[in-house]
Amino acid sequence: MTKTQGKHILLGVSGSIAAYKACDLITEFREKGHSVSVVMTKDAHHFVTKLSLQSFAGTEVVDDFFLVQGRVKPIHIELAKKADVIVVAPASADVIAKLAHGLADDILCCTALASDAPLVVAPAMNEKMFYKKVTQENIEKLKKHGAVIVHPVQGHLVCMDQGMGHLAPNAAIVKAVMDALGS
């Protein structure tokens with residue numbers, strides 16, 4: 001077993017059309033010998049189902065810390081302690097802003113804020129949103145605080161345009177996560 005095998009990856013899925021790619025990411029992480037927990041934002045439900053993510057991960061998907069019945073310990077703290085790395089893919093402009101400013105109004109951002117694990121963020125959004133000055137400032141702020149950014153690529157956007165903002169290929173995201181686990 002290599003030094004990065006057998007780690008626990010927390011995958012955060014936010015509201016983006018690219019959310020369907022999380023299923024393949026989970027598969028790749030598990031094929032490398034890692035366990036995966038998934039948290040999803042309320043908006044992610046518009047693009048991928050909880051059941052799909054749960055089926056790929058083989059673990060409970062958490063989407064609301066107030067609806068997890070029978071728990072004595074706060075779920076976001078349990079998830080934060082368990083994570084060897086947190087990867088947010090896709091990361092919407094909204095989630096990037098929340099993470100950059102320490103907002104914790106959903107399970108994903110609250111867990112990230114409670115964790116000491118490395119943070120890997122893979123933005124996915126419309127090109128105009130990505131290049132907006134405030135989004136770029138938020139990305140820089142995350143980098144300043146130690147987050148690894150897996151930059152989006154040129155590609156087909158959901159609005160039928162071609163441009164920057166297409167989620168990075170899974171191989172680039174997986175490499176960033178493996179690098180974070182190895183450090």
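The values are calculated or read from the model by the stated rules, or taken from the named source; none is laboratory data. As the structure is a computational prediction, the values presented were derived from the model and not from experiment. Note that we place each Cβ from the backbone using ideal geometry, even for glycine, and neighbour counts take in every protein chain shown.
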Fill in the blank from the handout: Residue count, the range 120-143, condition under 15 Å from the mean Cα position of the chain (by Cα) and in contact (Cβ under 8 Å) with a residue 40 or more places away in the chain, comes to 7
Fill in the blank from the handout: Per the filter on the range 37-61, residues of a type in the set (A, V, I, L, M, F, W, C), touching a strand residue (DSSP E or B) at 6+ places or on another chain (Cβ under 7 Å) and farther than 12 Å from Ile107 by Cβ are Val48, Leu53, Ala57
Exercise for the section: Write out, first by first residue and then by second, each pair whose Cβ atoms fall under 6 Å of each other, whose residues are 6+ apart or on separate chains, and whose first residue, in the range 160-172, is assigned to a loop (DSSP other than H, G, I, E, B) while the second is at pLDDT 80 or above and exposed (fewer than 15 other Cβ atoms within 10 Å of the Cβ). Expected result: Ala168/Val153
Practice task
Looking at (1) closer than 26 Å to Val158 by Cα; (2) modelled with pLDDT of 95 or more; (3) crowded, with 23+ Cβ neighbours inside 10 Å, find the lone condition where Gln54 falls short.
Solution key: (3)
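Residues are listed down the side, and each one gets a yes or a no for (1) aromatic (Phe, Trp, Tyr); (2) in contact (Cβ under 8 Å) with a residue 40 or more places away in the chain; (3) over 23 Å from Met164 (Cα atoms):
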position	(1), (2), (3)
Cys23	no, no, no
Ile26	no, no, yes
Phe29	yes, yes, yes
Lys42	no, yes, yes
Leu53	no, yes, yes
Phe65	yes, yes, yes
Ala104	no, no, yes
Exercise for the section: Output yes when any residue across the range 77-89 is in contact with a helix residue (DSSP H, G or I) (Cβ under 6 Å, 6 or more places away or on another chain), of a type in the set (Val, Ile, Thr) and more than 23 Å from Ala176 (Cβ to Cβ), and no when none is. Expected result: yes
Exercise for the section: Filter the range 144-181 down to the residues that are under 19 Å from the mean Cα position of the chain (by Cα) and small (Gly, Ala, Ser), then identify the one that is surrounded by the most Cβ atoms within 10 Å (Cβ to Cβ). Expected result: Gly165
Completion exercise
Every listed condition ((1) closer than 30 Å to Leu157 by Cα; (2) without any contact (Cβ under 8 Å) to a residue 60 or more places away in the chain) holds for Gly6 save (1)
Completion exercise
For the range 1-14, the count of residues that are modelled with pLDDT of 95 or more and surrounded by fewer than 24 Cβ atoms within 10 Å (Cβ to Cβ) equals 2
